[in-house]
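Worksheet for the structure shown next.
The values are calculated or read from the model by the stated rules, or taken from the named source; none is laboratory data. Predicted, not measured: the structure shown is a model, and the values here were computed from it. Cβ placement follows ideal geometry from the backbone for every residue including glycine, while neighbour counts extend to all protein chains displayed.
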Amino acid sequence: MIRSLRWALILIVASVLAIAGCGGGDRGAGGAAVDVRDWASVEAVARGTTVNWYVWGGSDAINAFIDTTYGEALRTRYGIVLNRVPVADTVDAVNRVLSEKQAGTDPGVVDLIWINGENFATLRDARMLRTGWARALPNARLVDWGDPAISRDFGVPVGGMESPWSSAQLQLITHPDRVPTADLPRSYAEFARWACAHPGRATYIQPGPGGFTGTRFVKGALYELSGGARQWGTYDPARFARFAPRLERYLTDLAPCLWREGRTYPRDENALHKLFANNEVDFTLSQATSGPETLVEAGTIPRGSRAFVFDHNMIGDHNYVAIPRNAPNPAAALVLANLLLEPEFQARHSLPESGFGLGIAIDPTRVTPGARRRVLAEAAAARGDGATPILDLQRSRAPDTAPEYQDAVEQLWRERVLGAR
């Protein structure tokens, strides 16, 4: 109790000094002194500091977009330096925060994390996320918090601990010279039939760390084999035990028909894109709702490539950002999270040429009519010719599973599918 009071006094003093403009470093150990309801003071504390944003670093295009778009805006508007910290997998940032908790390190080093799903649930359960801030951001009024796809992350209520950034949905990409439109598989069953009729010309990304898209592909198969997504929003180990044999049988029967007979799998999207570009396989996978033009313009996949979806069970969700409870600079993290929701930047990250190409997280009808809404409309119209039609995305979209199924699916795949080869 005495230690808590001592920390409280230190935090109050630190906040007063920060608002008074004494120094330009990080303010408030653990961030308890920053009040998001007083936005002017948040901006004042954040001005002239550095914010450490831990993000997945597997895409050069996304890295460049973050640096030149958000980094430049933070610098020119607030004098904030963006320190983008790339991680191979979000779990690396999560483990950093958890190790700081175990060591009693406060403040830590992580200000903001690009996060969702099981990683969010892990930090929430560890009580290592800042609460009560997401809906208090000035731009939070542009978010439809009543939409379950936003208010629940992998079935878990976000509870004011996450702010949405972008949206994504699993899709396949092919080229009409290789697979005519009439021959496209429109279900997991049809995908398996196509693969076995064209041995070695299809594969998917290995589920697990770095292979989030692959895990999502496999979970979509689980949905189809079990009658749909609805039952997978809450965790029930007995339910998984019931349907796991069907999933194992589907994947093991499919494996001999795949690239290299399913003895090895591409480790991430970039590896699968390369196989597709080299004409080793006829499909690749993406979650960019703007279509494949980002990859085409980067020279990653062939020009003329087109995205498509199965008729059902194509998992989609939102990306979020979260602030650890022991963030060294929560004020700047709040400023950055609010910036991500600006209509201007929502539109820019949804454009194919941005290198990012994911969907928006705000409700366009909540944006004041005029230039800010027009920029969103223009971005929607600028989706590439190879993009999946919006109606197809909507009809096929399914929510992701409860987070506990993530490990269960990945373990089954490692032990029963890859291990069997």
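Structural remarks
- Single residue of region 56-77 satisfying the filter (hydrophobic (A, V, I, L, M, F, W, C) and closer than 22 Å to residue 168 by Cα) that is nearest to the chain's Cα centre (by Cα): 56
- Residue identified as closer than 24 Å to residue 154 by Cα and either charged (D, E, K, R) or crowded, with 24+ Cβ neighbours inside 10 Å (or both) among 322, 332: 322
- Taking each residue of region 75-90 that is under 17 Å from residue 42 (Cα atoms) and looking for partners that are among the acidic types (Asp, Glu) with beta-carbon atoms closer than 8 Å, six or more apart or interchain, yields 78/43; 82/67.
- Scanning region 353-371 for residues that are closer than 22 Å to residue 292 by Cα and either outside the structural domain of residue 134 (by TED's automatic domain parsing) or under 17 Å from the mean Cα position of the chain (by Cα) (or both) turns up 354, 355, 356, 357, 358, 359, 360, 361.
- Taken together, the criteria place residue 266 among residues that are more than 29 Å from residue 143 (Cβ to Cβ), buried (at least 21 other Cβ atoms within 10 Å of the Cβ) and in contact with a helix residue (DSSP H, G or I) (Cβ under 7 Å, 6 or more places away or on another chain).
- Identification of helices (runs of 4 or more DSSP H) wholly contained in region 331-421 with 1 or more residues that are farther than 25 Å from residue 247 by Cα, touching a Pro at 6+ places or on another chain (Cβ under 9 Å) and modelled with pLDDT of 90 or more yields 343-350.
- Listed conditions (1) within 16 Å of the chain's Cα centre (by Cα); (2) more than 28 Å from residue 380 (Cβ to Cβ); (3) crowded, with 18+ Cβ neighbours inside 10 Å; (4) not charged (D, E, K, R) are all met by residue 129, apart from (1).
- Checked against the criterion of being touching a residue at least 40 places away in the same chain (Cβ under 8 Å), in contact with a Leu (Cβ under 8 Å, 6 or more places away or on another chain), of a type in the set (Gly, Ala, Ser) and not in a loop (DSSP other than H, G, I, E, B), region 264-272 has no qualifying residue.
- Unique residue being over 21 Å from the mean Cα position of the chain (by Cα), farther than 17 Å from residue 258 by Cβ and outside any helix (DSSP H, G or I) when the list is 200, 228, 210: 228
- When residues in region 317-330 are screened for being of a type in the set (A, V, I, L, M, F, W, C) and assigned to a loop (DSSP other than H, G, I, E, B), 2 of them pass.
- Out of 182, 195, sole residue that is surrounded by 23 or more Cβ atoms within 10 Å (Cβ to Cβ), modelled with pLDDT of 95 or more, under 24 Å from residue 278 (Cα atoms) and out of contact with any strand residue (DSSP E or B) (no Cβ under 6 Å at 6 or more places or on another chain): 195
- Annotation note: of 290, 305, the sole residue that is farther than 30 Å from residue 128 by Cβ, in contact with a strand residue (DSSP E or B) (Cβ under 7 Å, 6 or more places away or on another chain) and of a type in the set (Gly, Ala, Ser) is 305.
- Within region 58-82, restricting attention to residues that are out of contact with any Lys or Arg (no Cβ under 9 Å at 6 or more places or on another chain) and outside any helix (DSSP H, G or I), the residue that is surrounded by the most Cβ atoms within 10 Å (Cβ to Cβ) is 59.
- Test: residue in region 179-197 that is part of a loop (DSSP other than H, G, I, E, B), in the same structural domain as residue 407 (by TED's automatic domain parsing), more than 27 Å from residue 280 (Cα to Cα) and touching a Pro at 6+ places or on another chain (Cβ under 9 Å): no
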